[in-house]
Each structure stands twice: as structure tokens, then as C-alpha cells.
Number of protein chains: 2
Amino acid sequence: MTPALLAEPLTRSVEDYLKAIYRLSSGGQPASTSDIAELLSLSAPSVSGMIRRLSEQGLLEHVPYRGVLLTVAGRRGALRMIRRHRLIEAYLVGFLGYSWDTVHDEAERLEHAVSEALIERMALALGNPRFDPHGDPIPSSDGSMAEPVYTPLAEVRVGETVEIRRVDTSQPERLRYLEHSGLKPGIQVTLLERQPFRGPLKLRIGAEEQVIGHELAQ
Amino acid sequence: MTPALLAEPLTRSVEDYLKAIYRLSSGGQPASTSDIAELLSLSAPSVSGMIRRLSEQGLLEHVPYRGVLLTVAGRRGALRMIRRHRLIEAYLVGFLGYSWDTVHDEAERLEHAVSEALIERMALALGNPRFDPHGDPIPSSDGSMAEPVYTPLAEVRVGETVEIRRVDTSQPERLRYLEHSGLKPGIQVTLLERQPFRGPLKLRIGAEEQVIGHELAQ
DNA sequence: CAAAAAAGTTAGGCTGTACTAATTTGGCTC
DNA sequence: GAGCCAAATTAGTACAGCCTAACTTTTTTG
């Protein structure tokens, strides 16, 4: 419950915890110890210990045996890292020829090391983008983030032509597949037909393609 | 005395120690505990402790009370960091508008975080340069480094026109001054006159300038 | 060349972050 | 509602790196 206005710098570990908890609690439910442990590949006791320290620092709210939620300060820290991560990804893809699937790990390490000044220079070089290469929104430096609602491709009507806006980044191999088939944000796609019972969708991207049982969640 | 061919990754601290020891022992003399402590802003006992660990890892040769020298493995680690540092500096100056005096600190942190792949992409974007923006040589990825011998400006004859090749990077404020006065590598300079007894030198850079008592060591 | 000063090392401690093993708590089932 | 399982926490340990205080070795100097 420290004021946290004078914000001492966070360690790398703390930054990773905040990001993880942000992701896990994005739906409003608290993040559980074991989910955090799973996401960060750590043991549950390690997470328990860190949760205690982060609570004492006022970065999160802990209800024992129930889970944690970020405080305002914690959320600020998390969004700062997400901004960094997504800008770094955008920069590496835009200026250094990185591909979708390799850029994540690089950004994961750089996000802890880069200065505020460099982040802003990269943002400037990119034209202060609002979205990263996968279509995920980039928080602004004051910590606000546009979170537009898109229609999952699975729910588009047959015959409709839509623009891909965002792709799920949680699985690298799926990403690689999407990249290979040209399903990138900004691309126009027409839904040709849909098989019932969560069956595959056929769509046209210029040439055409027929894929994805329902891993086209969006 | 481990073989060190399977090279476990070095920690940030270890990387900094290796760089410091490389610098301090570049003349062939061993680096002393207190010089290392001074350079890294650490206490002497901290350095003593780290020296023991690094010796055990086979990264340096320690003669108690006498000093340390890098082993082949240690030198490899040091040159790897110097390559990273100088390429990052060159990249930030060349592509992101950094100035001489601000680029060092940024590189100091990034050099520990960047992947081998990103370093090589930056090198490629720069056209595999052999020298960084200050004129310091960049070690190649196999660990060799050209170390040309240049004539200090203080020893140039009056009337001669020479090209600036390299500037001393050890003092940020001096660097800032040099940058301001246009004394950058690649620039042509004519020595107009020299005052005796380590007095100031007058030189022409297009317009002209008269500076530097003898901090123009090169 | 002996004593003082400087440099280096050892001893002992602290913090951050991780671990395993043991214990506690909460929720589910019969 | 008793018992059990899973999840969470506590207890105790380790290691990297840092520190200060105290001691030893080397160098300098009167």
C-alpha cells in the first residue's frame, strides 16, 4: 500500500509477473497462483512468494486462496510492458525483417532493457502506430489502450468480404501457419462457405484457401 | 578450468566484468581488483568474490594480490560484448537519430539483451561496418578485431591536412564537445598552428576552430 | 629497513528470486 | 457433513551479487 507515485524501477521478474497477471485477469476474474506459475514456467511456491512481495509494494490485490488482481499501479506497469513489447515487435518486423513467429522472443527480452527514449524513437519511426503487426492494440504512453471489438471470422456470414484485423498470437506454430497462408491484418478476405457443426471454412484471399476447423476464433 | 567449449550463457554482471577486464588489461598488464572496482562502481570485496568465481569458470587467470588476465574464453566473451556494444551504437546513431553522447548508456543495457540474430541483422542493415561512429573497430563475429594505429592529432605537423579517424569515448562531456565542434571521424582537418609546451592547437575544419590543450591525444 | 599506507582478501550478512517438502485451506462428492 | 483432492501457502534451502568490517599482504616512505 505504498503510494507508488515515486515508482521505484521494477525488476525484470516483476515486469514479467505483471504482464502475466494482466493477461490472466483481463476478463475481470482474479488470476490464480497456479495459472501464473504455468504461464511463467515457475513453481507455485515461487509465485506465492512473489505475490506477497508485489502486494506489499501495492502492485496487486491478493485474496489468499482466491487469486490476485492488479492495482492501478500494477496495471500501469503491465501496460507499460505491453506497449514496449508491441512497439518492439512492430519495429523489428517493419525495419529489421523479422517474421511473425521469431519476433516474440526477441521482444520478450528487449522489453526489459530498452529505455523510454528508445521506445519513443521507435514509435516515431513507425509513425506512432496504434496496432502491432498482429493487430493487437498498442497502449499509449499515458497508459490508455484502444480495445476495439472485432467479429471472429467464424461468425462472419457466407458471401461477406471482410478485412483481417487481428490474429491470435498465443501459439507460435499457428502464427507461422497463418503467415504462410497470407492471413495478415489488413488483408481482404471473402467467406465462400461454411460447413456446419464447427466445420471448416472456405475463403478467398485473391487465390483461394480452405482451412481451419474453428481456430479462426476471430 | 572447465573446457568452456559448451559455453553456458554468461550473466549480465559477468559480461560487464569481462568487458572491464578486457579494457584494463589491453596493454598486457594484469587488471587490478581496485581498478575493476573503480570502473564498475563496485566495492573491492565484491570484485574479489567475482574474480574467484570467474577463475573457477575458466574465464580468467588470477594471481592473488597481483591481478587478473583474461583466458581465451574470457577474451572471447569480452570481444563478443564489444562487438554488440559498438554495433548497437552504430545502429542507433545511423537509424534512430541518436547522438554520440546519449548512445552509450542505451547500448550498455541493450548489449546484454539482444539476440545473436538481431545483432547480425543490425550489422547487415549497416553494411557490416568495421568501425563504429566514434571510429572504434568492431570485432567480427569470429572474435577478430582490426586495431589500426593512428597518429594523435597532437603529433601531426603544422600545415598538414589529415582525416579524423577516431575519437576518445571515455568522457561523455568531451564527446559532446567534439561532436558540437564537428570533429567527427571521416572529417578533414588542417593543423594551422601549435603552441609549444602542450599548448592549444589551432585547426581548420572548413570554417575554423582553435581548441584543446592536449585532450586531443589522438 | 621498520613502520605506515595502500591494496587485496576473508568473514559474515542482506536481498531477490528460485526450488522442494510439508502443511493448510477450500470445494466436491457420497 | 465427513472425507478426499487439488490448490495454495509456509518452511526451509540455495545461489548470484552485492555490501561493510576486519584481517593480511604488498608497497611506499621516512
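Just so you know, all these numbers are worked out from the coordinates, no wet-lab data involved. Predicted, not measured: the structure shown is a model, and the values here were computed from it. Every residue, glycine as well, gets a Cβ built from its backbone with ideal geometry; the counts of neighbours run over all protein chains shown.
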Would you mind computing, in nm to one decimal, how far apart the modelled labels at A:Ser144 and A:Lys184 are, each placed 7 Å from Cα along Cα→Cβ?
3.1 nm
Residue-wise, which Karplus ³J(HN,Hα) couplings in Hz belong to segment A:29-36, taking 6.51 cos²θ - 1.76 cosθ + 1.60, θ = phi - 60°, and x for glycine or proline?
6, x, 8, 8, 3, 6, 5, 5
Student exercise, segment B:1-104 dipole from Lys, Arg, Asp, Glu Cβ charges, in Debye to nearest 20:
240 debye
Can you show me the helix-derived [θ] at 222 nm for chain B, built from DSSP H runs with n ≥ 4 at -39,500 (n - 2.57) apiece and divided by the number of residues, rounded to the nearest 500.
-13000 deg cm²/dmol
Extension gain (nm, one decimal) between B:Arg53 and B:Glu163, 0.36 nm per residue minus Cα-Cα
35.1 nm
State, to one decimal in nm and shortest first, how far the label point of B:Asp168 sits from each corresponding label point in the other identical copies (label point: 7 angstrom along Cα-to-Cβ).
6.1
13 Å beta-carbon shell around B:Phe131, net charge (K/R +1, D/E -1):
+1
Per the rotation taking chain A to chain B, min distance Cβ-to-axis on chain A (residue, whole Å) equals A:Ala113, 2
Inter-copy distances for B:Asp105, nm, shortest first, label points 7 Å along Cα→Cβ, are 3.2
Taking the label point as lying 7 angstrom from Cα along the Cα-to-Cβ axis, what are the distances from A:Pro185 to the corresponding position in the remaining copies, in ascending order and in nanometres?
3.8
